[in-house]
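A short reminder: the numbers here are calculations on the coordinates, not readings from a lab. Treat the numbers as computed from the prediction; the structure is a model and nothing was measured. Cβ sites come from the backbone with ideal geometry, for glycine too, and all protein chains shown count toward neighbours.
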Amino acid sequence: MEFCPDCGAMLLPNDNKLKCKCGYTKDLSKDEVDQYQVNEKVDAKDTVIVKGEEINTLPTTTVDCPKCGNDRAAWWLRQTRSADEAETRFLKCLKCKHTWREYD
């Protein structure tokens, strides 16, 4: 596994090169090409890395987005003020990705 020297993201194999989402590419030698071959067949014991769109692993709630009006958002809590004050609730619209905060 190699990482991009420009942005630090993982380089992924594509057309005998390692490519980064930031645009960096690295040519692979003939010996390295076999090392980075991607097999589309997945066995039950294999680890699968999902690429592409962001996968929501946060809890969700029903709340109206102030930007687009969608009624579903992911949420998380952060302690943004003094420890003796309530946490701040952050919400992120599942449709337009707008993020806002609510205080208790």
Handout entry: Exceeding the 32 Å Cα-Cα cut-off - candidates Lys21/Lys67; Lys26/Lys92; Lys21/Lys95
Key = Lys26/Lys92
Completion exercise
Net charge near Leu18 (other residues with Cβ under 11 Å of its Cβ; Lys, Arg +1; Asp, Glu -1) is -1
